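Shown next, in structure tokens, is the structure this report addresses.
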Amino acid sequence: MPAKLEKLFEPIKIKNLPIENRICYAPTGKAHCTEDGHQVTDQAICYYVARAKGGTGLLIVEACIALPKYAWLGRILGCWDDSQLAGLRNLAEAIHAAGAKAVVQVTLGLGSQAMFPIKGEVVAPSDVPSRIGKGTAPRGLGFMDGVVGTTPRPLTKEEIVELEDAYVAGAERIKKAGFDGIEVHGCHGYLIAEFISPYSNKRQDEYGGSFENRLRLAKNLLHKTREKVGADFIIGFRMSGDEHIEGGYNIEEGQRIAKELEKAGVDYIHMSSGRYEVWNRMFPDEEGTMLDDTKAIKQAVGIPVICPNIHNPLTGEKALQKGIVDMISLSRGLIADPAWANKARAGKLEEIRRCILCNTCLKTVFGGFSIRCAVNPEVGWERFIPEYFPPIKGR
Ligand SMILES: Cc1cc2nc3c(=O)[nH]c(=O)nc-3n(C[C@H](O)[C@H](O)[C@H](O)COP(=O)(O)O)c2cc1C
């Protein structure tokens, strides 16, 4: 290993969970589950096994819906019913057998940002519609530029409590399935994030208004979940450090939010940026755009902070050396090359198949189709490639 990549391959512990290196797979919806019942498929398992065998330390499994009652994407993972346990258990076992740790990102849905082929009613904290900010569509998604979403129906208090309880039950299923933890999907302006944001939360009751009230849903999810899953199970939180829009929260408020989350028992923070109004903040056209926000959030908390949108191992190494981040995560980089980590460890950086940031992945998934990649023809077909079959323990 070249001396300059030492930090990237230094082990780390998140609470009591030892992780082999600082490289995470960022949650990435792939439309690999069944249309009916959102069950784990062999394709989903082999996709993740490829990234685990490729040397990634921690896989953060894609957004998994805890209550499919409102607007949501098809063929994305679910944890609302015991019938989903067997598939989830197979997935956890396969990732562990392939050598990585695994947490699942649990979500309550799209909220007002339900702008793709979706089923279900569009709900949110308040009746504020989302819009794709003009000129902010990520590369290849220009056809969505300026689109305004359906005006959502504000959730009643009873419905919010129902969502909280479903969330906890979903997290318990993730634990029962054998995963190492969950990550709360509190970023990107989706439903949980919409409660935190002053841009989208105009409620007058205890779930809106003041800073404390806007954090109530997130904190209730954390406290109620912790009560059920126990002290050792990892609970991470993914937040946009800064919403980067007028009327939204800025990085100073992001730091306050992170501190409150740490107090509420979160074990790590996974960063992201923006919401649909500044869409290319979420899926940037270049790498390293979230490093400054990550640095600011890391200054505010003592728990590990993960920075996404790293594509070049040297960029990740440099950020780790500087102490700006504790771990890095990759979505599109690991779609393009599942062996990114192994190649970096071996010092074969020129062999890494680089993502060209064309967003073919996003276009296929948002269209409801299995993920595809312009530079990696194996993506979506891993179930037919023996190299990516799960290792069977004891053989
Ligand atoms: C196809 C696709 C699906 C994604 N699904 C999720 C998701 O389920 N949850 C989430 O928090 N982020 C999701 N993201 C965002 C990524 O986790 C990541 O933050 C973003 O792509 C920027 O990082 P990158 O430059 O490494 O791709 C998705 C990204 C892509 C490309």
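The values are calculated or read from the model by the stated rules, or taken from the named source; none is laboratory data. Computed from a predicted model, the values in this text were never measured in an experiment. Cβ atoms come from the backbone with ideal geometry, glycine included; neighbour counts cover every protein chain shown. Each accessible area value is taken on the protein alone, full model and side chains, heavy atoms only, with ligands, DNA and RNA left out. Shrake-Rupley method; radii C 1.70, N 1.55, O 1.52, S 1.80 Å.
Given points 7 Å out from each Cα along the Cα-Cβ axis, report the Lys202 to Ile385 separation in nanometres with one decimal.
With each label point 7 Å from Cα toward Cβ, the separation is 4.8 nm.
Amide H neighbours of Ile14 under 5 Å, counting only residues 5+ apart in sequence or on other chains, H built in-plane at 1.01 Å?
Residues meeting the criterion, in which the H sits 1.01 Å from N, are Ile19.
Give the long-range amide H neighbours of Leu73: residues separated by 5 or more places, or on another chain, with amide H under 5 Å away, using H modelled in the peptide plane at 1.01 Å from N.
none
In whole Hz, with x marking every Gly and Pro, tabulate ³J(HN,Hα) for region 34-48 from phi via Karplus 6.51 cos²θ - 1.76 cosθ + 1.60, θ = phi - 60°.
Working through the residues one at a time gives 6, 5, 9, x, 6, 8, 5, 10, 4, 4, 4, 5, 5, 4, 5 Hz.
Hey, can you find the accessible area per residue of the chain for me, probe 1.4 Å, expressed in square angstrom?
Averaged over the residues of the chain, the accessible area is 37 Å².
Report the extension gain between Lys119 and Thr34 in nm, rounded to one decimal, defined as 0.36 nm multiplied by the number of residues separating them, less their alpha carbon distance.
Result for the pair: 29.1 nm of gain on full extension.
Taking region 24-117, which GluC sites (Glu not before Pro) meet the DSSP loop condition and have no more than 11 other C-beta atoms within 10 Å?
Glu35
Between Val147 and Lys322, what length comes free when the chain is fully extended (0.36 nm per residue of separation minus the Cα-Cα distance, one decimal in nm)?
Length gained between Val147 and Lys322: 59.0 nm.
Do any GluC sites (Glu not before Pro) in region 234-281 lie in a loop, going by DSSP, with at most 12 other beta-carbon atoms within 10 Å of their beta carbon, and if so which?
Glu246
Report in % the part of the accessible area of the chain that belongs to carbon and sulfur, leaving out ligands and nucleic acids; probe 1.4 Å.
50
How charged is the neighbourhood of Glu351? Take every other residue with its Cβ under 11 Å from the Cβ of Glu351, and add Lys/Arg as +1 and Asp/Glu as -1.
Local net charge: +2.
Computed over the Cα atoms, what is the radius of gyration of region 18-384 divided by 2.2 N^0.38 Å, N being its residue count?
0.90
Which FRET efficiency value, to the nearest 0.05, is calculated for Val375 and Thr156 with the Förster distance at 51 angstrom and r the Cβ-Cβ distance?
For Val375 and Thr156, the calculated efficiency is 0.65.
From the protein chains alone at 1.4 Å, what is the descending order of accessible area for Leu349, Leu357, Leu141, largest first?
The most accessible residue leads, giving Leu349, Leu357, Leu141.
Using the Kirkwood radius built from alpha carbon pairs, what does the Stokes-Einstein equation give as D for region 226-366 at 4 °C and 1.567 mPa s, in µm² per second?
Translational D for this selection: 80 µm²/s.
Sort 94-105, 229-240, 284-295 for me by packing, meaning the mean count of neighbouring Cβ atoms within 10 Å per residue, highest on top.
Highest-to-lowest ranking by the protection proxy: 94-105, 229-240, 284-295.
Return the percentage of antiparallel bridges among DSSP beta bridges fully within region 18-384, rounded to the nearest 5 %.
10
Work through the residues other than Val365 whose Cβ is under 11 Å from its Cβ and net out their charges, Lys, Arg +1 and Asp, Glu -1.
Combined, the nearby Lys, Arg, Asp and Glu give +3.
Output the 0 to 90 degree angle, nearest 10, between the alpha-carbon long axis of helix 216-229 and the longest principal axis computed from the alpha carbons of the chain.
Helix 216-229 sits at roughly 50 degrees to that axis.
Which GluC sites (Glu not before Pro) from region 194-236 combine a DSSP loop assignment with at most 15 other Cβ atoms within 10 Å?
Glu206
Only Lys, Arg, Asp and Glu count, each charged at its Cβ (+1, +1, -1, -1), so figure out the dipole size of region 307-395 about its Cα centre, rounded to 20 debye.
It works out to roughly 60 debye.
Given the pairs Lys322/Lys348; Lys30/Lys101; Lys318/Lys363; Lys101/Lys176, which are separated by over 25 angstrom at their Cα positions?
The answer is Lys318/Lys363.
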